[in-house]
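J.: Right, I'll just put the structure down here and ask away after.
The values are calculated or read from the model by the stated rules, or taken from the named source; none is laboratory data. Nothing here was measured: the structure is a model prediction, and the numbers come from that model. As a convention, Cβ positions derive from the backbone with ideal geometry for all residues, glycine included, and neighbour counts pool all protein chains shown. To get the accessible areas, we keep the full protein, side chains included, count just its heavy atoms, and leave off ligands, DNA and RNA. Shrake-Rupley method; radii C 1.70, N 1.55, O 1.52, S 1.80 Å.
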2 protein chains.
Amino acid sequence: YLVLGSLSPLLQQKIISLFKKRPLLIAMDTQNYWISHMPDELKKTLSMVDLLTINDEEARHLAGEFSLQKAARKIMRMGPAFLIINKGKHGHLLFYKKKVFFAPALPLEEIFDPTGAGDTFAGGFAGYLAKTGDISFDNMKRAIIFGSAMASFCVEKFGTERIQRLSQDEIMQRVQEFVDLVQFDYILD
Amino acid sequence: YLVLGSLSPLLQQKIISLFKKRPLLIAMDTQNYWISHMPDELKKTLSMVDLLTINDEEARHLAGEFSLQKAARKIMRMGPAFLIINKGKHGHLLFYKKKVFFAPALPLEEIFDPTGAGDTFAGGFAGYLAKTGDISFDNMKRAIIFGSAMASFCVEKFGTERIQRLSQDEIMQRVQEFVDLVQFDYILD
């Protein structure tokens with residue numbers, strides 16, 4: 001599992017080329033700077049990866065589309081089979097083929113410091129996939145819930161303070177809060 | 001079932017007083033104008049209703065709290081047992097006692113005209129409760145999905161154009177899209 005931070009697209013390509021055996025999943029992040037200044041190199045990197053994580057504003061910028069649905073389809077045509085759009089405190093969208101999954105962020109009492117939330121999400125997401133060894137769309141949904149749970153701890157304290165003293169029980173309890181937040185029973189006749 | 005639009009709190013009180021038998025559920029909407037100009041009368045009306053629908057900005061204004069969690073708890077202490085906070089294109093939160101439920105809005109391709117989306121939501125929500133005759137928290141979750149589905153049609157065309165020629169099949173299909181958007185299987189060990 002390879003997760004590339006929002007480095008220069010050239011450096012991202014170089015890192016990918018260092019692997020003798022292709023990783024099971026290559027995920028990458030990017031940002032407005034590379035979208036504006038290295039669009040061609042960025043598109044080359046996009047054609048080499050399986051998954052892109054990007055925020056809503058960057059997705060609109062990269063695709064030149066305001067509608068996130070339309071932007072998502074354009075971006076997936078550039079290469080990544082999976083696309084995660086981060087809407088900050090409004091949660092995450094996961095796109096794959098014609099499917100969409102939405103996971104909200106928890107409505108937290110206080111956000112002490114949002115620094116690092118995106119990277120903590122990526123770490124929790126990739127960690128869950130690596131631990132379960134399953135990169136199906138259904139398992140990615142679960143990975144997004146775990147990533148969101150990890151990110152929700154990150155913002156409760158300054159820097160890595162909260163993440164450093166985190167127990168497995170606390171994580172599972174937080175994941176259950178996400179389940180409770182969105183679950184409803186509805187059987188369509 | 002009584003649904004009060006965001007009229008003057010005095011008029012809302014008068015309407016409630018006209019009922020010889022109390023409706024099974026009294027829901028109300030309000031807006032910043034009444035929060036600013038008639039806070040005491042508004043609080044009196046709030047003490048007489050079961051449910052308040054309000055948008056996020058108004059909830060913060062009414063409670064004097066930025067955190068929606070904290071704002072929700074303050075508002076519920078003013079009277080309504082149920083509180084729905086409308087986050088516009090970011091969906092709805094339903095609060096009841098210590099429970100929270102979140103329903104996203106569908107990521108639509110185009111929003112043609114958002115006028116009337118809030119009222120269409122309220123109509124779909126109350127209509128579902130009235131049809132099923134069940135005002136439990138669990139059924140309110142389903143009612144929010146139906147209200148959201150109705151509102152998603154409203155914004156596709158100008159005015160009431162889309163809602164006027166809507167079939168039951170289309171509604172059920174749209175509800176299924178909401179189910180697919182958020183459902184994931186996860187059993188915690």
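J.: So, in segment A:150-174, exactly how many residues are among the hydroxyl-bearing types (Ser, Thr, Tyr) and in contact (Cβ under 8 Å) with a residue 40 or more places away in the chain?
T.: Qualifying residue count for the region: 2.
J.: Further question: Among (1) part of a helix (DSSP H, G or I); (2) open to solvent by 60 Å² or more (accessible area, probe 1.4 Å); (3) more than 30 Å from A:ALA149 (Cβ to Cβ), where does B:GLU177 come up short?
T.: So B:GLU177 meets the others, but not (3).
J.: Test B:LYS141 against the criterion of being in a helix (DSSP H, G or I), of a type in the set (D, E, K, R) and facing chain A (nearest Cβ under 10 Å), and give yes or no.
T.: Yes: the conditions hold for B:LYS141.
J.: While we're on this one: In segment A:11-32, what residues are out of contact with any strand residue (DSSP E or B) (no Cβ under 7 Å at 6 or more places or on another chain) and of a type in the set (Gly, Ala, Ser)?
T.: A:SER17
J.: Here is a further query. Can we say B:ILE35 is of a type in the set (Val, Ile, Thr), touching a residue at least 40 places away in the same chain (Cβ under 8 Å) and either within 14 Å of chain A (Cβ to nearest Cβ) or out of contact with any strand residue (DSSP E or B) (no Cβ under 8 Å at 6 or more places or on another chain) (or both)?
T.: Considered against the rule, which asks whether it is of a type in the set (Val, Ile, Thr), touching a residue at least 40 places away in the same chain (Cβ under 8 Å) and either within 14 Å of chain A (Cβ to nearest Cβ) or out of contact with any strand residue (DSSP E or B) (no Cβ under 8 Å at 6 or more places or on another chain) (or both), B:ILE35 comes out as no.
J.: Enumerate the helices (runs of 4 or more DSSP H) found wholly within segment B:1-100, keeping only those where 3 or more residues are crowded, with 19+ Cβ neighbours inside 10 Å and within 17 Å of the chain's Cα centre (by Cα). Reasoning before the result, please.
T.: On the way: elements: B:9-18, B:32-37, B:39-46, B:56-63, B:68-77.
So the answer is B:56-63, B:68-77.
J.: To continue, here is another question. Scan segment A:144-174 for residues that are of a type outside the set (D, E, K, R), more than 14 Å from every other protein chain (Cβ to nearest Cβ), open to solvent by less than 70 Å² (accessible area, probe 1.4 Å) and part of a helix (DSSP H, G or I) and report the count.
T.: Total meeting the criteria: 5.
J.: Keeping to segment B:101-125, report how many residues are of a type in the set (A, V, I, L, M, F, W, C), open to solvent by less than 30 Å² (accessible area, probe 1.4 Å) and within 12 Å of chain A (Cβ to nearest Cβ). Even if it seems obvious, please write down each step before you answer.
T.: Step one: of segment B:101-125, the residues of a type in the set (A, V, I, L, M, F, W, C) are B:101-103, B:105-106, B:108, B:111-112, B:117, B:121-122, B:125.
Retained after the next criterion (residues that are open to solvent by less than 30 Å² (accessible area, probe 1.4 Å)): B:101-103, B:106, B:117, B:121-122, B:125.
Imposing the further condition that a residue be within 12 Å of chain A (Cβ to nearest Cβ) reduces the set to B:101-103, B:106.
Selection size over segment B:101-125: 4.
J.: Every residue in segment B:69-94 that is within 13 Å of chain A (Cβ to nearest Cβ) and of a type in the set (Lys, Arg), please.
T.: Residues satisfying the conditions are B:LYS70, B:ARG73, B:LYS74, B:LYS87, B:LYS89.
J.: Now for a different question. Sort through B:PHE112, B:PHE121 and tell me the only one that's in contact with a strand residue (DSSP E or B) (Cβ under 9 Å, 6 or more places away or on another chain), aromatic (Phe, Trp, Tyr) and touching a residue at least 12 places away in the same chain (Cβ under 8 Å).
T.: Of B:PHE112, B:PHE121, the one residue that is in contact with a strand residue (DSSP E or B) (Cβ under 9 Å, 6 or more places away or on another chain), aromatic (Phe, Trp, Tyr) and touching a residue at least 12 places away in the same chain (Cβ under 8 Å) is B:PHE121.
J.: Taking A:ALA122 as the residue in question, decide whether it is touching an Asp or Glu at 6+ places or on another chain (Cβ under 8 Å), part of a helix (DSSP H, G or I) and of a type in the set (A, V, I, L, M, F, W, C).
T.: Yes.
J.: With respect to the numbered conditions (1) within 24 Å of B:ARG77 (Cα to Cα); (2) of a type in the set (Lys, Arg); (3) touching a residue at least 12 places away in the same chain (Cβ under 8 Å), which one is the sole condition not fulfilled by B:LYS98?
T.: B:LYS98 satisfies every listed condition except (3).
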